Amino acid sequence: MSDVRGLLDRISAFRQRLEATPRIIPDAIPIDNADTPHTVSVPESFKQSLRQITGHGSIVEGPLPPLLTDRARESLSQAQILLARQRKFAAESIVAGLAHQDGDCLMAYHRETVAMLDCAVRLAQSFPESPSVQLKLCEGLDGLLAMITERLGVQERTLARRRADYARLDCIASVYMAMNVQQAIGLQQVAALAEELLEDARQARPLRFLHADVRSTQSYEGGIRTAAPARYLAAHAVNTAQVMARIVSLDYEWAGRPLVPVVAALMMECGMMSVPAEVFAKTEPLTADERRLVEQHAQYGAELLTRYATDAAPLAAAIATHHERGDGTGYPAGLKGSAIPSLGRMLAAADTYAALCCPRSYRAAHDTRTALTDTLLLAEHGQLDKDFAEYLVNLTFYPIGSIVELTDGRIGMIASNPVNRIDPRSPGRPVVAILAEADGTLLSHPEHVDFSIASRGGVQHSLPIERCKEVLGKRYPELC
């Protein structure tokens with residue numbers, strides 16, 4: 001009897017200690033079982049939400065523990081919110097259209113995020129009914145959910161950027177298509193896009209060169225369809241317009257009306273739609289007939305503007321002369337020097353630089369430093385206007401946002417380009433955000449180096465896109 005009494009005394013003392021301990025669950029939350037005061041039952045809605053991941057993930061089967069601590073309940077509520085975001089992302093038409101493309105960094109990142117969500121749900125399903133063990137497991141689950149939250153933000157921002165890029169290409173490609181089937185157009189959409197590009201320049205946003213395959217007819221499966229080579233031409237026009245938006249403020253004649261040169265850059269390739277895509281896809285030199293066809297595009301584009309885009313008719317002279325050269329070696333009329341309109345000469349400089357920075361069927365993309373150097377050399381030899389070509393120095397060797405490899409092998413992104421016109425070395429001495437070590441190991445956070453004051457080291461060259469995907473794709477899909 002004394003043994004039983006002693007056991008009851010110990011139970012009573014233990015109960016008093018429990019009651020003196022802060023409760024895990026607030027009193028306002030109903031308790032399903034009076035014998036388990038630190039747990040609550042899992043609503044059926046949570047179970048249903050957490051048993052399935054849509055998109056490219058797997059279906060998670062199996063029961064959840066019937067009783068959960070308050071902290072576990074909050075963690076599962078957060079997981080439910082993340083699942084809803086993941087479903088919304090997977091339902092986007094662009095994501096569905098890109099799902100089967102090999103080598104797409106965003107899709108690979110998306111699949112990895114789905115796998116992490118799957119792991120989070122499986123961890124929740126493994127929760128025992130013990131409150132103390134659940135609390136320990138919640139620490140790991142909360143850390144995993146924090147990583148998933150960050151990744152969802154990255155892929156959502158990357159998708160928004162992709163959507164904007166595709167919309168820009170589709171806008172210009174559709175305009176080119178309409179004009180070449182003799183359909184009159186207004187310039188409201190083109191002017192709106194030009195204003196977007198000018199705002200990007202004002203905000204010093206990264207200069208990102210777009211590229212579309214010569215034969216591509218849509219940005220993604222299910223996207224707007226245009227005949228080739230409309231998207232290829234639109235990409236070059238948008239690239240040239242981005243360059244123009246960053247140099248137009250330097251020119252006294254056009255600084256007060258910057259929209260005009262940017263619209264001209266967007267419209268300058270409309271005449272190229274008369275050239276078959278197969279010509280642009282050639283890796284060998286063009287035949288005489290093919291070259292003649294290409295050289296007609298400038299004059300043909302000017303005629304299209306005057307007939308079907310009357311709002312842009314004043315730009316016709318600039319469009320017709322953007323391939324003329326100061327020494328008379330250009331086309332279509334072989335004009336020289338000041339006989340070429342000033343806007344035509346500025347277009348020529350921006351067009352040349354943008355073309356060199358992007359790949360063509362017969363060559364790889366040039367390093368931006370090489371592209372700038374080659375453009376300046378053309379000006380030095382009298383083919384391009386020296387003043388307009390020198391405006392490009394404002395972009396420096398590596399424009400903001402460029403992914404580069406340093407002389408010690410590390411990889412980073414150009415964060416800032418302090419321009420000191422007194423120091424000729426300043427274009428090659430940017431501020432770089434280091435993202436990866438020389439062996440490809442990603443840093444936990446970017447480390448900034450200002451090469452304008454550093455005593456050694458510098459930028460070696462721009463990083464090729466394939467190398468960029470290999471090193472940075474898993475962490476920074478928006479940079480690839």
Within region 256-263, does at least one residue satisfy the condition of being over 19 Å from Glu278 (Cβ atoms) and open to solvent by less than 10 Å² (accessible area, probe 1.4 Å)? yes
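Which members of region 116-136 meet the condition of being open to solvent by less than 50 Å² (accessible area, probe 1.4 Å) and either assigned to a helix (DSSP H, G or I) or touching a residue at least 12 places away in the same chain (Cβ under 8 Å) (or both)? Outline the logic, then answer.
Step one: list which residues in region 116-136 are open to solvent by less than 50 Å² (accessible area, probe 1.4 Å), which gives 116-118, 120-121, 123-125, 127-128, 130-131, 134.
Matches in region 116-136: Met116, Leu117, Asp118, Ala120, Val121, Leu123, Ala124, Gln125, Phe127, Pro128, Pro131, Gln134.
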Within region 469-480, the residues that are open to solvent by less than 40 Å² (accessible area, probe 1.4 Å) and part of a loop (DSSP other than H, G, I, E, B) are Gly473, Tyr476, Cys480
Mind listing just one residue for me: the one in region 435-468 that is in contact with a Gly (Cβ under 7 Å, 6 or more places away or on another chain) and not in a strand (DSSP E or B) and, of those, modelled with the highest pLDDT? Ala438
Exactly one of Thr287, Thr283, Thr321, Thr329 is under 31 Å from the mean Cα position of the chain (by Cα) and of a type in the set (Ser, Thr, Tyr), and that residue is Thr283
Residues that are among the β-branched types (Val, Ile, Thr) and out of contact with any helix residue (DSSP H, G or I) (no Cβ under 9 Å at 6 or more places or on another chain): does region 364-375 have at least one? yes
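What residue, of Arg345, Arg325, is outside any helix (DSSP H, G or I) and buried (at least 20 other Cβ atoms within 10 Å of the Cβ)? If you could, list the steps in order and put the result at the bottom.
Numbers: Arg345 fails: outside any helix (DSSP H, G or I).
Of the residues listed, the single one that is outside any helix (DSSP H, G or I) and buried (at least 20 other Cβ atoms within 10 Å of the Cβ) is Arg325.
Please work out if Met268 is among the hydrophobic types (A, V, I, L, M, F, W, C), open to solvent by 10 Å² or more (accessible area, probe 1.4 Å) and touching a residue at least 12 places away in the same chain (Cβ under 8 Å).
Here the answer is no, as Met268 does not meet what is asked.
Quick grid of which residues meet (1) open to solvent by 30 Å² or more (accessible area, probe 1.4 Å); (2) in contact with a strand residue (DSSP E or B) (Cβ under 8 Å, 6 or more places away or on another chain); (3) not in a loop (DSSP other than H, G, I, E, B):
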position	(1), (2), (3)
Arg205	yes, no, no
Leu210	no, no, no
Arg215	yes, no, no
Ser219	no, no, no
Ala235	no, no, yes
Which condition number does Gln183 fail, the rest of (1) assigned to a helix (DSSP H, G or I); (2) open to solvent by 60 Å² or more (accessible area, probe 1.4 Å) being met? (1)
Every residue from region 275-301 that is open to solvent by 10 Å² or more (accessible area, probe 1.4 Å) and under 27 Å from Ser342 (Cβ atoms): Val294, Glu295, Gln296, Gln299, Tyr300
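The values are calculated or read from the model by the stated rules, or taken from the named source; none is laboratory data. Since this is a predicted model, take the numbers as computed values, not measurements. Here the Cβ is made from the backbone with ideal geometry for all residues, glycine too, and neighbour counts use every protein chain on show. Calculation scope for accessible area: heavy atoms of the full protein, side chains included, ligands and nucleic acids excluded. Shrake-Rupley method; radii C 1.70, N 1.55, O 1.52, S 1.80 Å.
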